[in-house]
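Participant: First the structure, which I've put down as structure tokens, then a few questions once you've had a look.
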Amino acid sequence: MKRRWNVAVWAGFLVVLAALLTYVPVFARFPATRDFPWANLLMFGAGLALLTLGLRRAYREPLSYRGRVSGPILLSLGVVALALFCFVTFYLARQLPPSTSAPRVGQKAPDFTLSDQDGNSVTLSELLQPAAGGSGGANGALLIFYRGYW
């Protein structure tokens, strides 16, 4: 009887590798998967389930399936990859130092100059000055910061 390749072990390990390597280039671009990496955790779960299935198959039917040596090694590497992913994503990424120069909530924003849609310079202090017609100036300005680039 010729032994067959245990495809579940290798497919599971490939899914675990895909879960580990796709977070930054693919899933970190979207807020739904960047804030909490549920898609990657589902991929890790599916990969580890396939690895466990293949390992069980290799030990239950050792004459039919291969994988008694490679199965435990790949399953261990998969668990280590999951632990590394969770450590980096949930612990290290949250350990960024606070910005000391960023304004706090309720603090007056520093004066700055930006270009408007027509290319004219606009400063924050100009927006807050009283109008020339005698009516009072604006009580405040709403500042919205968009992450990204154009």
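Participant: Which of the three applies to segment 19-100, rounded, prolate or oblate, going by the alpha-carbon gyration tensor with a ≥ b ≥ c and a/c under 1.5 meaning rounded?
Facilitator: Working: a/c = 4.30, a/b = 2.59, b/c = 1.66.
Prolate shape, in that a/c is at least 1.5 and a/b is the bigger ratio.
Participant: Here is a follow-up. Highest first, please rank the peptides 91-99, 79-87 by the mean number of other Cβ atoms sitting within 10 Å of their residues. Please report the intermediate quantities before stating the final value.
Facilitator: Values: 91-99: 7.1, 79-87: 14.2.
The packing order, highest mean first, is 79-87, 91-99.
Participant: Ok, one more. In deg cm²/dmol and to the nearest 500, what is the mean residue ellipticity at 222 nm of the chain if only DSSP H runs of at least 4 residues count, each as -39500 (n - 2.57), divided by the residue total? If you can, show how the numbers build up before the last one.
Facilitator: Details: 5 runs with 64 residues, N = 150.
Helix contribution divided over all residues of the chain: -13500 deg cm²/dmol.
Participant: I would also like to ask the following. Once amide H atoms are placed 1.01 Å from N in the peptide plane, what residues at a sequence separation of 5 or more from Tyr65, or on another chain, have their amide H within under 5 Å of its amide H?
Facilitator: Correct list: Arg4.
Participant: Hey, what angle do you get for helix 7-21 against the long axis of the chain, alpha-carbon based, 0 to 90 degrees rounded to 10?
Facilitator: Value to nearest ten degrees: 20.
Participant: Against the longest alpha carbon principal axis of the chain, how many degrees, from 0 to 90 and to the nearest 10, is the axis of helix 38-60 turned?
Facilitator: Roughly 10 degrees between the two axes.
Participant: Moving on to the next point. Suppose all protein chains stay in the model; what accessible area per residue would a 1.4 Å probe give for the chain, in Å²? Walk me through the numbers before you get to the answer.
Facilitator: Values: 11340 Å² over 150 residues.
I get 76 Å² per residue for this part.
Participant: Rounded, prolate or oblate: which one fits the chain, using the alpha carbon gyration tensor with axes a ≥ b ≥ c (rounded when a/c is under 1.5, else prolate when a/b beats b/c, else oblate)? Display every interim value, and only then the final one.
Facilitator: On the way: a/c = 5.78, a/b = 4.00, b/c = 1.45.
Verdict is prolate for the chain.
Participant: Considering Cα pairs under 8 angstrom that are at least six residues apart, work out the relative contact order of the chain and quote it in whole percent.
Facilitator: On the way: 139 pairs, mean separation 30.6, N = 150.
Averaging sequence separation for qualifying contacts and normalising by length gives 20 percent for the chain.
Participant: By per-residue mean of other Cβ atoms within 10 Å, what is the highest-first order of 69-77, 56-64?
Facilitator: So the order, starting with the most tightly packed, is 69-77, 56-64.
The values are calculated or read from the model by the stated rules, or taken from the named source; none is laboratory data. Here the structure is a predicted model, which is why all the values come from computation and not from measurement. Every residue, glycine among them, receives a Cβ derived from its backbone with ideal geometry; neighbour counts consider all protein chains shown. Surface accessibility is based on the protein's heavy atoms, side chains included, excluding ligands, DNA and RNA. Shrake-Rupley method; radii C 1.70, N 1.55, O 1.52, S 1.80 Å.
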